[in-house]
Structures are given as C-alpha cells and as structure tokens.
Amino acid sequence: MRISARADYAVRAVLEIAVRQGDDPVKTETVALAQDIPHKFLEGILCDLRRAGVVDSRRGGGGGYRLARDAAAITVADVVRGVDGPIVSVRGERPTELSYKGTAEPLLPLWIALRANVRRVLEGVTIADLAADALPGPVRALAAEPAAWENP
C-alpha cells in the first residue's frame with residue numbers, strides 16, 4: 001500500500017494550518033515554506049481540500065486558508081479522501097464493488113479487511129491529535145512494534 005505525495009502533502013498542509021491559524025487565515029506561501037511543498041502543487045491540493053469541506057479560503061491581501069471545522073472533527077481519512085478519493089481501492093475500484101471467482105474468491109475478504117484496518121487507523125486520528133503530538137493509544141502501539149519499522 002502506498003501513500004501518495006498528494007495525501008502526504010495534504011495532511012502536512014492541514015496540520016500546518018491547524019497549528020498556525022488564529023484570527024487570520026494562513027497563507028499558502030507560509031504552508032509551502034514551512035513544509036517544503038512545491039507552491040503550485042500545494043495550490044491544487046488546497047483547492048481539492050476546499051471542495052471536500054476540509055478547509056475554507058479567503059481571497060485578497062488578508063486571505064489564505066483556515067480549517068473548515070474544528071481540528072478534532074477532521075480525521076486524517078477526511079484529508080486523504082479529499083485529495084485521493086477512496087482510501088483503499090483495487091484497480092481503481094472500491095473492494096465492495098469487486099467480485100472474484102474460483103481460487104481468487106478469498107481475495108475479496110482480504111481486501112475488505114485491509115480497507116477496514118486502514119480506515120480504523122486513519123479515521124481514528126484527528127488533526128487535533130497530530131497537532132498535540134498525541135496519537136491515540138492503539139496507533140502508538142502499532143507504531144511501537146519493532147516489525148512496523150522494518151522493510152521486508
């Protein structure tokens with residue numbers, strides 16, 4: 001499974017906005033510089049996130065971006081879906097839309113289980129959790145497993 005550059009940049013951008021936002025919106029340039037994200041690429045990502053209801057934008061000299069709702073109400077899954085669509089797909093289709101025959105039949109429940117686990121992690125972590133450097137216990141436990149850091 002791969003996390004796209006768009007998804008990685010999107011989560012980093014939303015986190016940066018969450019940490020920096022106050023009374024004034026956060027400028028795209030500020031996010032791009034702080035997170036080393038190419039400015040033009042970031043503009044497209046923020047546009048997708050605005051359409052997904054994750055961020056709001058304001059134009060003009062005092063313009064920029066802010067979270068569309070409280071950071072505790074935005075999950076990492078919301079951000080990833082906002083830029084990449086469904087979190088887990090097989091050949092571009094949702095696992096529930098697939099069917100297999102014969103010896104391949106056991107693949108469907110495998111893909112469904114994979115999707116359920118990825119969703120459990122990404123839907124269980126909010127932008128507020130990340131901003132506070134406070135990953136939920138189950139996620140911290142998974143990341144603490146030595147095998148999690150090994151590349152087979």
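The values are calculated or read from the model by the stated rules, or taken from the named source; none is laboratory data. Source: prediction; values computed, not measured. Virtual Cβ from ideal backbone geometry, glycine too; neighbours counted across all protein chains shown. Just the protein is used for accessible areas: all its heavy atoms, side chains included, with ligands, DNA and RNA removed. Shrake-Rupley method; radii C 1.70, N 1.55, O 1.52, S 1.80 Å.
Among the numbered criteria (1) within 18 Å of the chain's Cα centre (by Cα); (2) open to solvent by 70 Å² or more (accessible area, probe 1.4 Å), which single criterion is violated by K27?
Against the list (1) within 18 Å of the chain's Cα centre (by Cα); (2) open to solvent by 70 Å² or more (accessible area, probe 1.4 Å), K27 comes up short only on (1).
Please determine, by comparing only the residues of region 99-128 that are out of contact with any helix residue (DSSP H, G or I) (no Cβ under 9 Å at 6 or more places or on another chain) and charged (D, E, K, R), which one is surrounded by the fewest Cβ atoms within 10 Å (Cβ to Cβ).
Only one residue tops the list, namely K101.
Can T96 be described as open to solvent by 60 Å² or more (accessible area, probe 1.4 Å) and of a type in the set (S, T, N, Q)? It would help to see each step written out before you state the result.
Numbers: open to solvent by 60 Å² or more (accessible area, probe 1.4 Å): yes; of a type in the set (S, T, N, Q): yes.
When the stated conditions are applied, T96 passes them.
Pairs, please: C-beta under 7 Å, at least 6 apart or cross-chain, first residue more than 12 Å from R66 (Cβ to Cβ) and without any contact (Cβ under 8 Å) to a residue 24 or more places away in the chain and in region 27-55, second β-branched (V, I, T) and assigned to a helix (DSSP H, G or I)?
That search, which allows pairs on different chains as well, returns H39/T28; E43/T28.
What about L122, is it assigned to a loop (DSSP other than H, G, I, E, B) and either in contact with a Ser or Thr (Cβ under 6 Å, 6 or more places away or on another chain) or at pLDDT 95 or above (or both)? Please lay out each step first, then the result.
Values: assigned to a loop (DSSP other than H, G, I, E, B): no; either in contact with a Ser or Thr (Cβ under 6 Å, 6 or more places away or on another chain) or at pLDDT 95 or above (or both): yes.
Taking the combined requirement at face value, the residue does not satisfy it.
Suppose we keep only residues that are open to solvent by 50 Å² or more (accessible area, probe 1.4 Å) and among the β-branched types (V, I, T) within region 2-22. Which one would you say is nearest to the chain's Cα centre (by Cα)?
It comes out as I3.
Restricting attention to region 103-152, report how many residues are of a type in the set (V, I, T) and in contact with a Gly (Cβ under 7 Å, 6 or more places away or on another chain). Break it down stepwise before answering.
Here is the first cut: in region 103-152, the ones of a type in the set (V, I, T) are 103, 112, 118, 121, 125-127, 139.
Then keep just the ones that are in contact with a Gly (Cβ under 7 Å, 6 or more places away or on another chain); that gives 139.
Here the count works out to 1.
Filter region 59-93 down to the residues that are touching a residue at least 24 places away in the same chain (Cβ under 8 Å), open to solvent by 30 Å² or more (accessible area, probe 1.4 Å) and within 23 Å of the chain's Cα centre (by Cα) and list them by number. Talk me through it step by step, then tell me what you get.
First pass over region 59-93, keeping only residues touching a residue at least 24 places away in the same chain (Cβ under 8 Å): 62-67, 70-84, 87-88.
Retained after the next criterion (residues that are open to solvent by 30 Å² or more (accessible area, probe 1.4 Å)): 62, 65-66, 70, 72-73, 78, 81, 84.
Passing the criteria: Y65, R66, D70, A72, A73, D78, R81, D84.
For region 40-58, which positions are under 15 Å from the mean Cα position of the chain (by Cα) and more than 14 Å from E29 (Cα to Cα)?
Residues satisfying the conditions are C47, D48, L49, R50, R51, A52, G53, V54, V55.
Residue pairs, Cβ under 8 Å, 6 or more apart or interchain, first in region 1-13 and under 21 Å from P25 (Cα atoms), second part of a helix (DSSP H, G or I) and among the acidic types (D, E). List them.
That search, which allows pairs on different chains as well, returns A10/D48.
I'm checking my understanding of the structure. Among residues of region 132-152 that are open to solvent by less than 50 Å² (accessible area, probe 1.4 Å) and in a helix (DSSP H, G or I), which one is farthest from A71 (Cα to Cα)?
Start the filter on region 132-152 by keeping residues that are open to solvent by less than 50 Å² (accessible area, probe 1.4 Å), which leaves 134, 136-137, 139, 143.
Narrowing the set further to residues that are in a helix (DSSP H, G or I) leaves 137, 139, 143.
On the way: G137: 19, V139: 18, A143: 22 Å.
Step by step, filter region 132-152, then rank; the result is A143.
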